[in-house]
1. When the Karplus curve 6.51 cos²θ - 1.76 cosθ + 1.60 is applied with θ = phi - 60°, which whole-Hz ³J(HN,Hα) does each residue of the range 168-174 get, with x for Gly and Pro?
2. Between Glu159 and Lys193, what length comes free when the chain is fully extended (0.36 nm per residue of separation minus the Cα-Cα distance, one decimal in nm)?
3. Determine the dipole magnitude for the range 22-164: charges of +1 sit on the beta-carbon of Lys and Arg, -1 on that of Asp and Glu, nothing else is charged, the reference point is the Cα centre, and the result goes in debye to the nearest 20.
4. For the range 91-96, just list the computed ³J(HN,Hα) in residue order, Karplus coefficients 6.51, -1.76 and 1.60, θ = phi - 60°, integers in Hz, with x standing in for Gly and Pro.
5. For Lys198, go through the aspartates and glutamates and keep the ones whose alpha-carbon is under 16 Å away, minus same-chain ones fewer than eight residues off.
6. Once neighbouring chains are kept in place and the probe is 1.4 Å, which whole percent of the accessible area of the range 76-160 is contributed by carbon and sulfur?
7. Please state the charge dipole magnitude for the range 82-199, taken about the Cα centre, from unit charges on C-beta atoms (+1 on K and R, -1 on D and E), reported in debye and rounded to the nearest 20.
8. Which listed residue (Ala139, Val162, Ser183) has the Cα farthest towards the positive end of the charge dipole for the range 104-199, taking +1 on Lys and Arg C-beta and -1 on Asp and Glu C-beta about the Cα centre?
Amino acid sequence: MAVAVAGVLVAAGAVTYSVAEDGAADTAAPAADSADAGFARDMAVHHQQAVEMSYIVRDRTTDEDVRRLAYDIAQTQANQRGMLLGWLDLWGLPKVSSDGPMSWMGMGPMADGEDGALMPGMATGTELAKLGTLNGKQAEILYLQLMTDHHKGGIHMAEGCVAKCSVGVEKRLAQGMVEAQQSEIDLMTDLLKARGAKP
């Protein structure tokens, strides 16, 4: 286990370093209002909620399929979040912006963050609180439904980076997110169907 964790950390460091190299090879670091910076900030926030939801459900069910999925999502997105925040550090950019969430995508004003839903796909505070009160099958169904919506919002944002970001490694990470999260949506759809529920 320790070797596996060390390998993940080394890989994350290598990717972070390669972004610095990618950004510095022939261009200056991205600007504070760039798509690269906006995606890094917003996806870090989006990922943090996915990690939170995943750890909640792992404590609310004994189902191995759901627990395994939740663990995978939590580990993957926590690692990616660390890279996104690390890139902002390398670029010397703030981790928060005065612009609203997803303004870098040209989407205009988002929801005002009422009840915690800052961006498309994000769960509200009420939904997270409800998840924390459920157990077993009920917890599994709500988690899978919330995470399906969360992934759809994440895919939309990642596709925006693929189209608008300029740092090659970041664009490739975003494309990888699109593919991995779509695969997880397919899996979650099957898990919901097996529980007599829909996304």
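1. x, 5, 5, 4, 5, 4, 4
2. That works out to 9.5 nm of additional length.
3. 280
4. 7, x, 10, x, 8, 10
5. Within the straight-line limit of under 16 Å, Lys198 reaches these aspartates and glutamates: Glu140, Asp149, Glu184, Asp186, Asp190.
6. Carbon with sulfur: 54 percent of the solvent-accessible area.
7. Charge dipole of the range 82-199: 240 debye, to the nearest 20.
8. With unit charges placed on the Cβ atoms, the residue in question is Ser183.
The values are calculated or read from the model by the stated rules, or taken from the named source; none is laboratory data. All of these numbers come straight from a predicted model, not from anything done at the bench. Cβ atoms come from the backbone with ideal geometry, glycine included; neighbour counts cover every protein chain shown. For accessibility, only protein heavy atoms count, side chains too; no ligands or nucleic acids. Shrake-Rupley method; radii C 1.70, N 1.55, O 1.52, S 1.80 Å.
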